[in-house]
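The values are calculated or read from the model by the stated rules, or taken from the named source; none is laboratory data. As the structure is a prediction and not an experimental result, all values here were calculated from the model. Please note: Cβ atoms are built from the backbone with ideal geometry, for glycine as well, and neighbour counts cover all protein chains shown. For the accessible areas, the whole protein counts, side chains as well, though only heavy atoms, and no ligand, DNA or RNA atoms are used. Shrake-Rupley method; radii C 1.70, N 1.55, O 1.52, S 1.80 Å.
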Amino acid sequence: MPLSRLLRTASAGCHHLHLLIAALVLLVATGFAGPVQAAKPLAADLVTDGQAIDLESDRYRELFAELQRDHNFTEDELTSLFAGVRINKKVLELMDRQWEAKPYHQYRPLFVTAKTIATGKKKLLEHSELLDRIEKEFGVDREVIVAIWGIESRFGTHRGSFPVFETLNTLFDAYPRRSSFFRTQLIHFLEVCRENGLDPLQVKGSYAGAFGQPQFIPSSFNEYAVSFDDDEIRDVFTSIDDIFASIANYLRRFHWTLDAPVYVDIGTELNSAELIAAHRQGRKGKVEVNTVSGDQGVNLPESPENRKVIIVGLELPRHEGGGLRYIAGYPNFQAIIEWNHSSRYAMAVAELAEAIKAD
């Protein structure tokens, strides 16, 4: 029944009021407020595992042209390398349910455990001389280097089992949301392999195309990896010297300051509109340390060069009352976020580093 007719019927007498109410409920339930949007299919829903990638598509023709024109790959090399490349559906499934989407009280126990803390302490002692040199050269705290190493690859023992070349092709071809990003990573990966004498078909890594003990994506390797063991090869697979130095170099490039604060807890409520707004803006919402101290009523240490902090909210479990635990993330915390754009990841690194350092 059209709404206009229903209203006219109701006006004929109060005994029709119940009809008006019931019909309005029905109209809302059946879509009067607008059609219900069908759930958008996930990338993995649109492929079958092992399906051949169409190398004759425009996207691959353009990729091959660029690799030949700008990166000096020959047609024969590309034909041999890309022959038979296929979709790995598992890669797409994992991309749509990444760990960083978990609330922090579920995310933290994946990495900050009694075992990882104990192993981290042992690694600090085992590599103390090397870490002395790296702290002096790069100005990055040793426990943070070891914590990132521990979280990324379980101190080098879990480097990923996905063939990186297949993974990057899968994400370029069948993950539309970030196809252009993974196209770039695929090009970088081929350059990395050529530079280091690696067979692209043999390198294994994560479901997102990261590889080596620090789990660098190819562009990050090209930009930040360094050699620190007296040769010219940037070996993030087996050289502990290069692995630690590369992690340190990455953080230094994002203005890490040795022995400076990483974060400070500021309570479970935010007491001003400015802090609430900063929290909503995420890593881009920066405020003065004095503002946080005044609004929250807490004493905060100074920030290096008076740089601003960000406001991060971390989910608490229900048995602790739920809600959020708020922290002020100092520039060092922000440097970790540049490694992985997740405040949950950055906090896990910070808390593991604290635990490793503690006596």
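Given the criterion among the hydroxyl-bearing types (Ser, Thr, Tyr), over 25 Å from THR184 (Cβ atoms) and open to solvent by less than 50 Å² (accessible area, probe 1.4 Å), identify the matching residue among TYR107, TYR60. When all the criteria are applied, what remains is TYR107. Checked against (1) hydrophobic (A, V, I, L, M, F, W, C); (2) surrounded by 17 or more Cβ atoms within 10 Å (Cβ to Cβ); (3) assigned to a helix (DSSP H, G or I), LEU125 passes all but condition (2). Residues that are within 18 Å of the chain's Cα centre (by Cα) and farther than 23 Å from ASP49 by Cα are absent from the range 160-183 altogether.
Annotation: of all residues in the range 232-244 being free of Cβ contacts under 8 Å to residues at least 40 places away in the same chain and closer than 16 Å to ARG133 by Cβ, the one that is surrounded by the fewest Cβ atoms within 10 Å (Cβ to Cβ) is SER239.
Among the numbered conditions (1) closer than 21 Å to TYR250 by Cβ; (2) in contact with a His (Cβ under 7 Å, 6 or more places away or on another chain); (3) β-branched (Val, Ile, Thr), tell me where ILE311 comes up short. Here ILE311 clears every test but (1).
Residue check: CYS193 meets all listed conditions (1) outside any loop (DSSP other than H, G, I, E, B); (2) in contact (Cβ under 8 Å) with a residue 24 or more places away in the chain but one, namely (2). Quick check on VAL146: is it touching a Lys or Arg at 6+ places or on another chain (Cβ under 6 Å) and either of a type in the set (Ser, Thr, Tyr) or open to solvent by less than 10 Å² (accessible area, probe 1.4 Å) (or both)? When the stated conditions are applied, VAL146 passes them. Selection of the range 85-112 for residues being closer than 19 Å to GLY209 by Cβ and either in contact with a Lys or Arg (Cβ under 9 Å, 6 or more places away or on another chain) or of a type outside the set (D, E, K, R) (or both) yields VAL85, ILE87, ASN88, VAL91, LEU92, LEU94, MET95, GLN98, TRP99, GLU100, ALA101.
Candidates are the residues of the range 63-104 that are within 20 Å of PRO41 (Cα to Cα), open to solvent by 40 Å² or more (accessible area, probe 1.4 Å) and in a loop (DSSP other than H, G, I, E, B); the one that is modelled with the lowest pLDDT is GLN98.
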